[in-house]
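Q: Handing you this structure, nothing more for now.
The values are calculated or read from the model by the stated rules, or taken from the named source; none is laboratory data. All figures in this text were calculated on a predicted structure; none of them were measured in a lab. Using ideal geometry, Cβ is built from the backbone for each residue, glycine included, and neighbour counts are taken over all protein chains shown.
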Amino acid sequence: MTDAVNPSNCLARFLIPFLSDRFLYRPGAALVEAAQTASLYDPELRRDYQRLKFRRGRGVAKVAIARKLAVRLYWKLREAAQPVPPAPMQGIPASPVVGESLSSF
């Protein structure tokens, strides 16, 4: 599909300005709405949401699921951002030379 016909691009063109204006000053509200939607499709989140809703109430359950979703997001981003190993510098040997000379004494 071309970009002009792709339905997700059409949807994003209408939703992104709405969402960015709506949640500009309240990013937590966006996370709560995302958690509410995620609890519909993820069985583990749905089970936790139903249990918390019964025990503590709907509002507390939504916020708890939003926090779980934030933790999942944090760990996904952390795993994706693997540190890059330092590049070897020119003139520095790869193996330690000092350790070899001290072991001969």
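Results for (1) at pLDDT below 90; (2) not in a helix (DSSP H, G or I), shown as yes or no for each residue.
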{"residue": "N9", "(1), (2)": "yes, no"}
{"residue": "A34", "(1), (2)": "yes, no"}
{"residue": "R46", "(1), (2)": "no, no"}
{"residue": "Y49", "(1), (2)": "no, no"}
{"residue": "A61", "(1), (2)": "no, no"}
{"residue": "P83", "(1), (2)": "yes, yes"}
{"residue": "P88", "(1), (2)": "yes, yes"}
{"residue": "P93", "(1), (2)": "yes, yes"}
{"residue": "S101", "(1), (2)": "yes, no"}
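Q: Something else about it: If you check every pair at least six apart or on different chains, which have Cβ atoms under 6 Å apart with a residue in segment 59-75 that is within 13 Å of A29 (Cβ to Cβ) first and a residue that is hydroxyl-bearing (S, T, Y) second?
A: Here the result reads none, with nothing in segment 59-75 linked to a residue that is hydroxyl-bearing (S, T, Y).
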